[in-house]
1. So what's the projected area for the range 82-149, the Cα convex hull averaged over all directions, in nm²?
2. Which of rounded, prolate or oblate describes the range 126-209 when judged by the alpha-carbon gyration tensor and an a/c cut-off of 1.5?
3. For labels at ALA75 and GLU105 in the simple 7 Å Cα→Cβ model, what's the distance in nm?
4. Is the range 64-209 rounded, prolate or oblate when judged by the Cα gyration tensor, a ≥ b ≥ c being the square roots of its eigenvalues, rounded requiring a/c under 1.5 and prolate requiring a/b larger than b/c?
5. Within the range 115-129, what residues put their amide N at less than 14 Å from the label point 7 Å along the Cα-to-Cβ vector of ILE202?
6. Can you give the extra length, in nm with one decimal, that the chain gains between LEU56 and ARG124 once fully stretched, where that is 0.36 nm per residue apart less the Cα-Cα distance?
7. Output ³J(HN,Hα) for the range 155-168: one whole-Hz value per residue in order, computed from phi by the Karplus curve 6.51 cos²θ - 1.76 cosθ + 1.60 with θ = phi - 60°, and x for Gly and Pro.
8. Any chance you could check the Cα centroid distance between the range 157-209 and the range 127-150 for me, in angstrom?
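Since every read-out is calculated from the coordinates, none of them should be taken as a lab result. Everything numeric here is computed off the predicted structure, so don't read it as measured data. Positions of Cβ are backbone-derived with ideal geometry, glycine not excepted, and every protein chain shown enters the neighbour counts.
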Amino acid sequence: MSITEIAAITERRRRWPTLVLVSFALIGFVLLGALVIQLFQTPPVDDSSLPTARKLEGKIAARRARGLFILIDTASNRLYLRRGDKVLMEAVCSTGSGVQLVSGEKHWTFRTPRGEFRIRSKTRNPWWRKPDWAYLEEGEPVPKNESDRFERGVLGEYALGLGHGYYIHGTLYTRLLGTNVTHGCIRLGRKELAYLARNAPIGTRVYIY
């Protein structure tokens, strides 16, 4: 092997670490660029809940064109009685607080349900059957006699049942209207509740969102 060939081999060996370093640097820059693009790219929208929301919006839109319905906005605590596009009544209401209560193995979440409902019942001067959680909140023992649970005047002059224990009813705490403080029911002021009871018959659709 000539001196020239030996020199060429030596030169190639000398350049090899440099080429390796340059190659790794280029790969690093490519990966870093991809990461930066991914970080600044607009993230995809999580639309897992959109079908339900869109379905409800479609039902509301269809109902607006046909007749009477109640619309309840739990974010702004507003209740609307509408006939098509015409607003017959707008009222400040109170809806679920979202608070959770745990006692032993029992668990309650005080949230107003969302979705489509109907007025299933209408009661004048209703009695309130005080549930277990009400006693636990007040630090009182749960009564053994069922008759000891009933209280009158707590729900106002009317209670409009939506099913599953949820009602649109009155309140003794009118100063709290417009806030999320209830255990799931929808509270209204006296005049607004009376108007709703007179003008929304059983079967009226109720949309809560």
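1. Numbers: hull surface 30.1 nm².
One quarter of the hull surface, i.e. the mean projection, equals 7.5 nm².
2. prolate
3. Spacing of the two 7 Å Cα→Cβ label points: 4.0 nm.
4. prolate
5. So the set is 118-124.
6. On the way: separation 68, 0.36 × 68 = 24.48 nm, distance 3.03 nm.
The span from LEU56 to ARG124 would gain 21.4 nm if fully extended.
7. With the stated coefficients, the range 155-168 comes to 9, x, 7, 9, 9, 9, x, 10, x, 6, x, 9, 9, 9 Hz.
8. The range 157-209 and the range 127-150 have Cα centres spaced 22 Å from each other.
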